[in-house]
2 protein chains.
Amino acid sequence: MSDTQEHREEPDLPYDVFAKACPSRCTLENVTGRWGALTLGALHEGSLRFNELRRRVDGVSEKMLSQTLHALERDGLVHREAQPTNPPRVDYELTPVGREVAARLLELIHCVEGRMDDVLAARTAYDAHRA
Amino acid sequence: MSDTQEHREEPDLPYDVFAKACPSRCTLENVTGRWGALTLGALHEGSLRFNELRRRVDGVSEKMLSQTLHALERDGLVHREAQPTNPPRVDYELTPVGREVAARLLELIHCVEGRMDDVLAARTAYDAHRA
């Protein structure tokens, strides 16, 4: 439509994480942040309660997990279901959009895990070169 | 081999980002961090010089881009090529492992960009519910 749009690589997508002001950059950061990525990855295995999630995402504090879940819930990636029981029980699960995103994220995670031998060899070589 | 390994979901992978002490967690953070993700994404389009990268990764400071490139180079994902010219010219490009990782990352980025209408609608609903 406009000149600007002709230069875009994917002209049918109005969002671009490379642009500082694009809201997709914030969502990408919620998805790939230190705890966001592990939380989405954990929930891809099925719905979990808060404390189950906290055990699965090794090292996360209660506060950080709570903040992470709020951000993912606000972006519509995680659904929070409070059961009217006593004591109250809260389950977290991925929404359909959250499942799509988490699936891509897990492919990335598995790719990184599968290449760690190369990564660690590169690190050793890099550090030796600079020692 | 061991009891522990029998309980793993992918017994042939010795690395697990969910484990706090696993080195793959650090690499995942280098790959998905605020600037790491955009730097890998930009270099997936081809090799770039420092200032070209800085323009492409809108909003990054010189210091942060430099730190990001060092971490990615140390992990063997980015190759730094200094040309013996005057003034010196430095090109950055993805290694073969970096290309694999960046390809998965771009699939995730495109998935997020493609779902931003849903994400923004979810945010509006979330904020309205809490206002």
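Structure values in brief
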| read-out | value |
| --- | --- |
| Cβ-Cβ under 8 Å pairs, at least 6 apart or on other chains, region A:14-27 side acidic (Asp, Glu), far side not in a loop (DSSP other than H, G, I, E, B) | A:Asp16/A:Ser24; A:Asp16/B:Glu113 |
| Inter-residue pairs, beta-carbon under 6 Å, first over 14 Å from B:Leu28 (Cα atoms) and in region A:34-59, second among the aromatic types (Phe, Trp, Tyr), 6+ apart | A:Leu48/A:Tyr92; A:Asp58/B:Phe18 |
| Test: residue in region A:81-102 that is without any contact (Cβ under 8 Å) to a residue 40 or more places away in the chain, out of contact with any His (no Cβ under 8 Å at 6 or more places or on another chain) and among the basic types (Lys, Arg) | no |
| Qualifying positions in region A:62-94 - in contact with a strand residue (DSSP E or B) (Cβ under 8 Å, 6 or more places away or on another chain) and surrounded by 19 or more Cβ atoms within 10 Å (Cβ to Cβ) | A:Leu69, A:Leu72, A:Leu77, A:Val78, A:Tyr92, A:Leu94 |
| Selection count where residues are charged (D, E, K, R) and under 8 Å from the mean Cα position of the chain (by Cα), scope region B:16-33 | 1 |
| Subset tally (residues that are over 20 Å from B:Gly46 (Cβ atoms), polar (S, T, N, Q) and modelled with pLDDT under 95) for region B:67-98 | 1 |
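The values are calculated or read from the model by the stated rules, or taken from the named source; none is laboratory data. These numbers were taken from a predicted model, which means no experiment stands behind them. Ideal geometry is used to build each Cβ from the backbone, glycine not excepted, and the neighbour counts take in all protein chains shown.
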